[in-house]
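These notes are about the structure you will find just below.
The values are calculated or read from the model by the stated rules, or taken from the named source; none is laboratory data. Quick caveat, the model's predicted, so the values are computed rather than measured. Counting neighbours? That spans all protein chains shown, and the Cβs are built from the backbone with ideal geometry, glycine included. Side chains are part of the model used for accessible areas, which takes the heavy atoms of the whole protein and leaves out ligands, DNA and RNA. Shrake-Rupley method; radii C 1.70, N 1.55, O 1.52, S 1.80 Å.
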Amino acid sequence: MTSTPGLLPVGLRDRLPPQAEAASRLLHRVIVAIGRHGYERVSPPLAEFEDELVGRLKSARAHDLLRVVDPVSQRTLALRPDITAQVGRIAATRMAHRARPLRLAYGGPVLKLRATQLRPERELIQAGAELIGTASVAAVIEVLGVAIEALETAGVEGITVDLTLPDLVETLATGTMPVAPADLAAVRDLLDAKDAGGLAALGATAYLPFLDAAGPIAPALARLRALGIAALGDRLDAITAIAAAFADRVTLTLDPTERHGFEYQSWIGFSLFGRGLSGEVGRGGSYAVMHGDREEEAIGFSLYIDPLVDAGLGHEPHCRVFVPLGADPKAAARLRGEGWTTVAALSDADEPVALGCSHRLEGGKALAL
């Protein structure tokens, strides 16, 4: 088999200047914004044992994992497709002694097994925060507020938050709106697909009103309250409180039965979008961290830096100064201290414009070319 020089696997890519710089800059801005709310940064490894990566979050599944065999331990390693489970492991082991609620932040690359049509990239830069020890309404409001502020700090405008209740169908199926266990997965899938005909054919007509309830937050809540389902009362009160906290800041929508992408989230989930950005730029919700047989509530979010870079965010004008041969090195050092980037000539053949410079060091000053 012949190889093409420079060819990368499907879904992987090089970030070149200035996009690589923009990605680094945005990651820093997001992490700093999160940290200012008291979230301490952790940095887990890119790969770890598969069973630990999969088993730390309740309802997490062994999917989307790129696996290798560790030649040292002869155990299966998995490259992380998401950092949340690793933060859960750290909280449950090395930081189990810390007081709750525990606030942790992270940032780094993740690798998906397969690309999707909506997101063709397999390697992504992920940043986020996890609040371990509670999943209360107050915790949701804090975490969602931190996520919104982090996106605003990165330059995202016109933010939309799509709320969902990931375990609603399971809750109703075992109570007021029974569904046979064998049909539960099909009902979830049909609701995700907004397939009214499929629900009717399956005999799950009681769930049809949920399809009409999806949309802007106020009418969606009104339609759900009109259903008169007692089991929804506390949830709708919680959504109302969350919506009130951000009503004047972002656009809010509600899709009560959306499950796709929220496989391990529990009572609340949310997706984040921005004006002019392709697809969702963040996702989060409540979940449970496993301590053996014991569960610990948590809530968090993940943001993806790559769509922000692709939209042109994070770029700053270059202030590059060409330093000719024989120039005073102290003058160049002073300019760097003022925030300039200096590019030193290595020969008389070096040209400042060809090297991307906008200024030239002369007489100790940066003069525009």
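Listed values, structure above:
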| item | result |
| --- | --- |
| Where a residue in the range 224-248 is modelled with pLDDT of 90 or more and its partner, wherever it lies, is of a type in the set (Phe, Trp, Tyr), with Cβ under 9 Å and at least six apart | 224/210; 227/210; 235/267; 238/267; 242/270 |
| Test: residue 97 is over 23 Å from residue 314 (Cβ atoms), open to solvent by 20 Å² or more (accessible area, probe 1.4 Å) and free of Cβ contacts under 8 Å to residues at least 12 places away in the same chain | yes |
| In the range 117-132, residue most open to solvent (accessible area, probe 1.4 Å) [restricted to those that are more than 29 Å from residue 295 (Cβ to Cβ) and touching a residue at least 12 places away in the same chain (Cβ under 8 Å)] | 118 |
| Number of positions in the range 223-244 that are out of contact with any helix residue (DSSP H, G or I) (no Cβ under 9 Å at 6 or more places or on another chain) and either crowded, with 17+ Cβ neighbours inside 10 Å or within 21 Å of residue 141 (Cα to Cα) (or both) | 2 |
| Residue within the range 102-116 that is in contact (Cβ under 8 Å) with a residue 40 or more places away in the chain and under 22 Å from residue 160 (Cβ atoms) present | no |
| Single match in 218, 135 (criterion: open to solvent by 50 Å² or more (accessible area, probe 1.4 Å) and either in a helix (DSSP H, G or I) or small (Gly, Ala, Ser) (or both)) | 218 |
| Output for the range 138-165, where each listed residue is within 16 Å of residue 310 (Cβ to Cβ), aliphatic (A, V, I, L, M) and part of a loop (DSSP other than H, G, I, E, B) | 154, 156 |
| Residue in the range 138-148 that is of a type in the set (A, V, I, L, M, F, W, C), under 22 Å from residue 57 (Cβ atoms), in contact with a strand residue (DSSP E or B) (Cβ under 7 Å, 6 or more places away or on another chain) and open to solvent by 10 Å² or more (accessible area, probe 1.4 Å) present | no |
| Of all residues in the range 35-76 being open to solvent by less than 90 Å² (accessible area, probe 1.4 Å), charged (D, E, K, R) and touching a helix residue (DSSP H, G or I) at 6+ places or on another chain (Cβ under 9 Å), the one that is nearest to residue 300 (Cα to Cα) | 56 |
| The range 185-197 residues that are on the phi < 0 side of the Ramachandran plot and touching a residue at least 40 places away in the same chain (Cβ under 8 Å), paired with ones that are open to solvent by less than 50 Å² (accessible area, probe 1.4 Å) and outside any loop (DSSP other than H, G, I, E, B) (beta carbon under 7 Å, 6 or more apart) | 188/169; 191/169; 191/207; 191/210 |
| Residue ranges of strands (runs of 3 or more DSSP E) in the range 22-121 with at least 1 members among the β-branched types (Val, Ile, Thr) | 66-69, 76-79, 102-111 |
| Within the range 1-34, considering residues that are among the polar types (S, T, N, Q) and surrounded by 11 or more Cβ atoms within 10 Å (Cβ to Cβ), the one nearest to the chain's Cα centre (by Cα) | 24 |
| Flag for residue 292 being over 34 Å from the mean Cα position of the chain (by Cα) and farther than 28 Å from residue 156 by Cα | no |
| Enumeration of residues in the range 307-319 that are touching a strand residue (DSSP E or B) at 6+ places or on another chain (Cβ under 7 Å) and modelled with pLDDT of 95 or more | none |
| Some residue of the range 245-256 being out of contact with any helix residue (DSSP H, G or I) (no Cβ under 7 Å at 6 or more places or on another chain), under 18 Å from residue 271 (Cα atoms) and part of a strand (DSSP E or B) | yes |
| Residue list for the range 26-71, restricted to those being touching a Ser or Thr at 6+ places or on another chain (Cβ under 8 Å) and at pLDDT 95 or above | 29, 30, 32, 33 |
| Subset of the range 181-211 (residues that are assigned to a loop (DSSP other than H, G, I, E, B) and open to solvent by 50 Å² or more (accessible area, probe 1.4 Å)) | 193, 194, 195, 203 |
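Residue-wise test of (1) over 27 Å from residue 37 (Cα atoms); (2) in contact with a Lys or Arg (Cβ under 9 Å, 6 or more places away or on another chain).
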| residue | (1), (2) |
| --- | --- |
| 289 | no, yes |
| 316 | no, yes |
| 325 | yes, no |
| 332 | yes, no |
| 339 | yes, no |
| 348 | yes, no |
| 352 | yes, yes |
